[in-house]
1. So what J values fall out for the stretch 68-84 if you push phi through Karplus, 6.51 cos²θ - 1.76 cosθ + 1.60 with θ = phi - 60°, rounded to Hz, Gly and Pro as x?
2. If the cut-off is a Cα-Cα distance under 15 Å, which aspartates and glutamates reach K3, setting aside same-chain residues fewer than 8 apart in sequence?
3. Beyond a 29 Å Cα-Cα separation, which of these cross-linked pairs lie in this structure: K7/K86; K6/K87; K18/K40?
4. What is the gain in length, in nm to one decimal, between Q61 and K3 on full extension, counting 0.36 nm per residue of separation less the C-alpha to C-alpha distance?
5. How large is ³J(HN,Hα) for each residue in the stretch 50-67, as worked out from phi by the Karplus curve 6.51 cos²θ - 1.76 cosθ + 1.60 (θ = phi - 60°), to whole Hz, x for Gly and Pro?
6. With only Lys, Arg, Asp and Glu charged, each at its Cβ (+1 for the first two, -1 for the last two), find how big the charge dipole of the chain is about the Cα centre; round to the nearest 20 debye.
7. List the aspartates and glutamates whose alpha-carbon lies under 18 Å from that of K76, not counting same-chain residues fewer than 8 positions away?
8. Calculate the spin-label point distance for Q17 paired with R74, positioning each point 7 Å from the Cα along the beta-carbon direction, and give it in nanometres.
Amino acid sequence: MEKTIKKSLRFTIHEYQKIDEQLKKSNLTFSDFARGILLKEKIRLPIEIELIHELNLIQIQLDELLRNLPEQDRLKILSLLVSIEKKFEKLI
């Protein structure tokens, strides 16, 4: 669909700096970034490969710790990990 309507905005220096910081993280054009926010679409930030690698290492370490715990403690920790996983999935 062709975009024919043009609007302009004014920002304070502080507002612009905050917006510019978020804009750089998003890898979007200003128009796409603003449109997504104004239309309440979720802006997805790129995920760094290093972060994914680090999270994988943490998972491996947690798995090793769980193997050495009594069954009752394992269940408590596993339920906590599931809730953490759900929160993480909302971020990506």
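Just so you know, all these numbers are worked out from the coordinates, no wet-lab data involved. Please read all numbers here as calculations on a predicted model, not as lab measurements. As a convention, Cβ positions derive from the backbone with ideal geometry for all residues, glycine included, and neighbour counts pool all protein chains shown.
1. 9, 9, x, 3, 4, 5, 4, 5, 4, 5, 4, 5, 5, 5, 5, 5, 5
2. By straight Cα distance, K3 reaches D32.
3. Pairs exceeding 29 Å: K7/K86; K6/K87.
4. Fully extending the segment from Q61 to K3 adds 15.8 nm.
5. Those phi angles translate into 4, 5, 4, 4, 5, 5, 5, 5, 5, 4, 4, 5, 5, 4, 5, 5, 5, 4 Hz.
6. Numbers: 17 positive and 15 negative charges, 149 e Å.
Computed about the Cα centre, the dipole is about 720 debye.
7. Qualifying aspartates and glutamates at Cα under 18 Å: D63, E64, E85.
8. Between R74 and Q17, the simple spin-label model gives 5.2 nm.
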